[in-house]
Amino acid sequence: MVKAIATPNIALVKYWGKKDGQNMLPMNNSISLTLDEQLKCIADAEFADEQDEFVVNGKPANADAYRVLEYVRKTFDTKKYFKIISDTYFPVAGGLASSAAGFAAIAFSIAKLLGEEEGIELTITEISMIARMGSGSACRSVLGGAVEWLAGNSDETSYAVQLVPFEEIGLVDVIGILSHEEKKISSRAGMQQTVKTSKLYLERMKTVGKRLDIVRKALKEGDYETVLIEAMKDSDNMHACMMDTKPPLSYLNEKSLETIKRVNMLNEREGRIVCGYTFDAGPNAHIITESKNAAEAEKLFAGIADEIIVSEIGKGPRKIL
Ligand code: DP6
């Protein structure tokens, strides 16, 4: 049996839309920071006798999860069945990219099992592709540091690469838990509607390439003001596209909007960009800032966050057994 741990990631330039749902190919590249092990998923993988068995957080897994195992057999030429047990150990109930951490841990544990027991050694690129088949954003969580998912145009060309290793990034993600509610519309269903119905999304597609270039360069150079400015713009733009979807999608709540206001006020008062906010498909706020400003960022959540997690940049998955 193999046990592996993986963590979520927070996107600075977002993935919101697929050009191929079957192969899980995104419309655009995306860039994220992998988070540390305060938010973690652990997956156990072993071979099963006659059929796959898959349990996620104590419940039978859905079809997407089984599809990952089919993909592994087809792609890496093995007839093995798998028994997978995956659990999320977040200090909060959902809403924080648990599927990204989960499928990264699952992909990593399967890869290590195939290597140890069958002599089938998979590269990190192949592990990223397995994770992608479970949940797109999971393909970025197989690497630590700052990571880019290359959209590609086929199964073998869509995977994540590392841009900057974790120890070279001086940023933290100060996460404010503003709601414990599960989202009503999944990312998968929501993004499909956006691609289908939003005119603003067409504009996003014209500009996202430029933003990726800016953020990639700024991360490599340690130009964090630029990273934060672009991360805020990209989050705003994705949430505007969500609102432009028919019927409109809105994942933010009053407290999320209050966080945006407070971040802007702080930056204005200081006359420079100290903090940058970003939101995925949910109300919980991620404030990205340089490590030295973490306490300042925490203060912004006074009276509105139920819980605050200060996550450093993560190293990516590892085998723990
Ligand atoms: C808003 O990866 O959860 O977090 O590929 O359909 O499983 P599927 O969607 P998912 O979508 C994540 C969207 C996002 C932005 C991001 O992480 O890039």
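The values are calculated or read from the model by the stated rules, or taken from the named source; none is laboratory data. Just so we're clear, the structure is a prediction, and the values are computed from it rather than from any experiment. Neighbour counts run over all protein chains shown; Cβ positions are idealised from the backbone, glycine included. Surface areas here come from the heavy atoms of the whole protein model, side chains and all, with no ligands, DNA or RNA. Shrake-Rupley method; radii C 1.70, N 1.55, O 1.52, S 1.80 Å.
How large a share of the accessible area of segment 111-186, in percent, is made up of carbon and sulfur atoms when the probe is 1.4 Å and the other protein chains stay in place? Write out the running numbers ahead of the final one.
On the way: 1350 of 2890 Å².
C and S fraction of accessible area: 47 percent.
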Q) At a 1.4 Å probe radius, carbon and sulfur cover how many percent of the accessible area of segment 1-86? A) 45
Q) Normalised by the number of residues in the chain, what is the relative contact order in percent for Cα pairs under 8 Å and 6+ residues apart? A) 25
Q: Report the antiparallel proportion of the DSSP beta bridges in the chain as a percent, rounded to a multiple of 5.
A: 90
Q) For segment 89-218, what does the alpha-carbon gyration tensor say about shape, rounded, prolate or oblate, given a ≥ b ≥ c as the root eigenvalues, a/c under 1.5 as rounded, and a/b over b/c as prolate? A) rounded
Q: Mind jotting down the distance between the C-alpha centroids of segment 83-139 and segment 238-283, whole Å?
A: 30
Q: List the aspartates and glutamates whose Cα lies under 17 Å from the Cα of Lys199, skipping any in the same chain that are fewer than 8 positions away.
A: Asp234, Asp236, Asp244
Q. With every protein chain present, what is the per residue accessible area of the chain (1.4 Å probe, Å²)?
A. 43
Q) Excluding Gly314 itself, what net charge comes from residues whose Cβ is under 13 Å from its Cβ, given Lys and Arg +1 and Asp and Glu -1? A) -1
Q: Over all alpha-carbon pairs of the chain, lay out the pair-distance distribution in 10 Å bins, whole %, shortest bin first.
A: 6, 28, 36, 22, 7, 1, 0
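What is the local net charge at Tyr159, summed over the other residues whose Cβ is closer than 12 Å to its Cβ (Lys, Arg +1; Asp, Glu -1)?
-2
Among the listed pairs Lys217/Lys255; Lys183/Lys319; Lys59/Lys183; Lys220/Lys315, which have their C-alpha atoms separated by more than 21 angstrom in this model? Don't jump to the answer; show the numbers that get you there.
Working: Lys217/Lys255 32 Å; Lys183/Lys319 31 Å; Lys59/Lys183 19 Å; Lys220/Lys315 17 Å.
Those over the limit are Lys217/Lys255; Lys183/Lys319.
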Q | Straight-distance crosslink candidates among lysines, where the alpha carbon sits under 20 Å from Lys261 and sequence neighbours closer than 8 are dropped | A | Lys233, Lys299
Q: Evaluate the relative contact order of segment 166-248 (contact order divided by residue number), counting alpha-carbon pairs under 8 angstrom at least 6 apart; express in whole percent.
A: 41
Q. If we sort 130-136, 226-232, 263-269 on the protection proxy, mean other Cβ atoms within 10 Å, highest first, what's the order?
A. 130-136, 226-232, 263-269
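If you filter segment 18-51 for GluC sites (Glu not before Pro), then keep DSSP loop positions with at most 11 other Cβ within 10 Å, what is left?
Hits after loop and neighbour filter: Glu50.
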Q: Counting only C-alpha contacts under 8 Å and six or more residues apart, can you give the relative contact order of segment 52-145 as a whole percent?
A: 29
Q. Spin-label point model (7 Å from Cα, Cβ direction): what's the Tyr81 to Ala63 distance in nm?
A. 2.1
Q) Using the Cβ atoms and a cut-off under 12 Å, what net charge is assigned to the surroundings of Glu117, where Lys and Arg are +1 and Asp and Glu are -1? A) -2
